[in-house]
Amino acid sequence: MKWRGRRTSRNIDDRRGQSAGFPGFGRAGGDGRRIRMGGRRSGIGGLGLIVVIGIALLMGVNPLTLLTGDGSGFTVPTNAPSSGSNQIDDTSEEFVSVVLADTEDVWGEIFKASDKQYRPPTLVLFSDRVSSACGLASAASGPFYCPGDRQAYLDMSFFQVMDRRLGAKGDFARAYVIAHEIAHHVQNELGVMEQVNRLRQRSSQVESNQLSVMLELQADCYSGVWAHHAQRKYGLLEPGDIEEALNAANQIGDDTLQRSSGQAVVPDSFTHGTSEQRVRWFTAGMQSGDPGQCDTFNASRL
């Protein structure tokens, strides 16, 4: 991937080495059975957040799964190691900043073409654990996006997990991860995340999981849209880059992760989509470059 020498983003908050402190109290929400591209934000207040975190801990699940609908982060295998000292060199930091800047340019232009204003998110770099408006998260939660504070969160040791445990190597695979989290911000800006979270609050567990899959697959498609426009704008792709992204999408499918952890494959428990679905929706976005082709909520086939 050709990324050196391009603009870097200023929207990075480096919290590595800092104490996580206490979780903040944020908002998230949604509206309507048919997902629309617009809407206001509302949702869980402080007391509700405490209750959700308590329930999650009792159930042995990541509180962010309940708070953000599990459509705003990557799943990490349950036996994945913690980040440890998180030794990252300056080159890796610059890479993340360049990719973030690319997403700002691409989505800024796409929004402008639709007479909308794109408000870029902040990307928070952390080590081990971090406090967000969605609660306190550890590195084991994987990268995630919090709609309550409009920020994406990344412990860059996740890239090591990708390399060593998931078999998803390469710089473009890493760029896909960043673009995926920014895609959740795009969903939040358009009101999609709000609507999905509201629907999930009044749905059964199976229905809630299905909505999460739709949200996740749309983010994969939006990641492909970013890749399409970034290639046209910067010519960043090198031989093997697309294969790296497709392999990453394949390795983090719910079915693949369940098999690799020795679990039975249970489709009703899926929250992110199968490997085949994730590859197919990323490809759809990459080939078309059209966000309108990413309507997973009304698609005849996921």
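Read-outs throughout are calculated quantities, based only on the coordinates presented, and are distinct from any laboratory measurement. Bear in mind that the values here come from a model prediction, so they are computed numbers and not experimental data. Glycine also receives a Cβ, built like all others from the backbone with ideal geometry; neighbour counts cover every protein chain displayed.
Structure summary
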quantity: Inter-label distance for GLU93 and GLU276, nm, one decimal - labels placed 7 Å from Cα along Cα-to-Cβ; calculated: 4.4 nm
quantity: Interchain or long-range residues, amide H under 5 Å from GLY135's placed H; calculated: GLY24
quantity: Mean Cβ neighbour count within 10 Å, used as a protection proxy, ranking 228-239, 164-175 highest first; calculated: 164-175, 228-239
quantity: Residues SER131, SER223, SER288, sorted so that the one with the fewest Cβ neighbours within 10 Å comes first; calculated: SER288, SER131, SER223
quantity: ³J(HN,Hα) computed for each position of the stretch 212-224 - Karplus, 6.51 cos²θ - 1.76 cosθ + 1.60, integer Hz, glycine/proline x; calculated: 4, 4, 4, 4, 5, 5, 5, 5, 5, 5, 4, 4, x
quantity: Amide N of the stretch 170-205 lying under 20 Å from the label point, which is placed 7 angstrom from the Cα of GLN263 along Cα→Cβ; calculated: 204-205
quantity: Model label zone, ASN298; criterion: amide N under 15 Å from point 7 Å along Cα-to-beta-carbon; scope the stretch 201-222; calculated: none
quantity: Most to least packed among 261-270, 198-207 [average Cβ atoms within 10 Å]; calculated: 198-207, 261-270
quantity: Order of CYS146, CYS294 - criterion: other Cβ atoms within 10 Å of each residue's Cβ, fewest first; calculated: CYS294, CYS146
